[in-house]
Amino acid sequence: MSDMTFERMIQQMTPAIYDGLKQAVALRKWPDGRRLTAEQTELCLEAVIRYEAENQVPEEQRVGYLQQRTCGGAGSGAGVSPELAGLARDAGRD
C-alpha cells in the first residue's frame with residue numbers, strides 16, 4: 001500500500017501536473033477525452049486550490065479569479081450615458 005497522502009501529493013506536485021489538473025477541471029475532461037466524474041472534479045479542484053495556496057500563485061493566475069471591473073468613472077457611474085444607466089432601474093417602480 002502506498003504511503004502517499006493527499007497532502008504529500010500536493011507537496012510533490014510539479015507545475016506541469018498542476019497545469020494538467022487545472023485544464024482537466026476547466027474542460028471537465030482528462031487529456032484522453034474521458035469526462036471527469038463529480039468526485040474527480042472536486043478532488044482535482046481541491047488539489048489545484050491547495051497547490052496555488054502553498055506555492056503563492058499570484059491571485060490573478062488562480063483558478064476562479066475574477067478581475068474587479070468598474071463602470072465609468074471608477075465605479076461612480078460618472079460618464080455612463082442616461083440610456084445605459086436606465087437599464088438598472090427597477091421596473092416595478094414605474
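Hey, could you check the stretch 43-68 for residues that are of a type in the set (Asp, Glu) and either more than 13 Å from the chain's Cα centre (by Cα) or within 15 Å of MET9 (Cβ to Cβ) (or both) and say which is surrounded by the fewest Cβ atoms within 10 Å (Cβ to Cβ)? Please lay out each step first, then the result.
Keep residues of the stretch 43-68 that are of a type in the set (Asp, Glu), which gives 46, 52, 54, 59-60.
Imposing the further condition that a residue be either more than 13 Å from the chain's Cα centre (by Cα) or within 15 Å of MET9 (Cβ to Cβ) (or both) reduces the set to 46, 52, 54.
Numbers: GLU46: 14, GLU52: 19, GLU54: 12.
Looking at the filtered set, the residue picked out is GLU54.
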Across the stretch 1-25, what is the number of residues that are surrounded by 11 or more Cβ atoms within 10 Å (Cβ to Cβ) and either aliphatic (A, V, I, L, M) or not in a helix (DSSP H, G or I) (or both)? 7
Quick check: is even one residue across the stretch 70-83 at pLDDT 80 or above and loosely packed, with under 10 Cβ neighbours inside 10 Å? no
Out of the residues in the stretch 47-64 that are charged (D, E, K, R), part of a helix (DSSP H, G or I) and free of Cβ contacts under 8 Å to residues at least 40 places away in the same chain, which is nearest to ILE17 (Cα to Cα)? GLU52
Take the residues in the stretch 7-42 that are closer than 20 Å to ASN55 by Cβ and of a type in the set (Gly, Ala, Ser), then tell me which one is farthest from the chain's Cα centre (by Cα). ALA16
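The values are calculated or read from the model by the stated rules, or taken from the named source; none is laboratory data. Just so we're clear, the structure is a prediction, and the values are computed from it rather than from any experiment. Please note: Cβ atoms are built from the backbone with ideal geometry, for glycine as well, and neighbour counts cover all protein chains shown.
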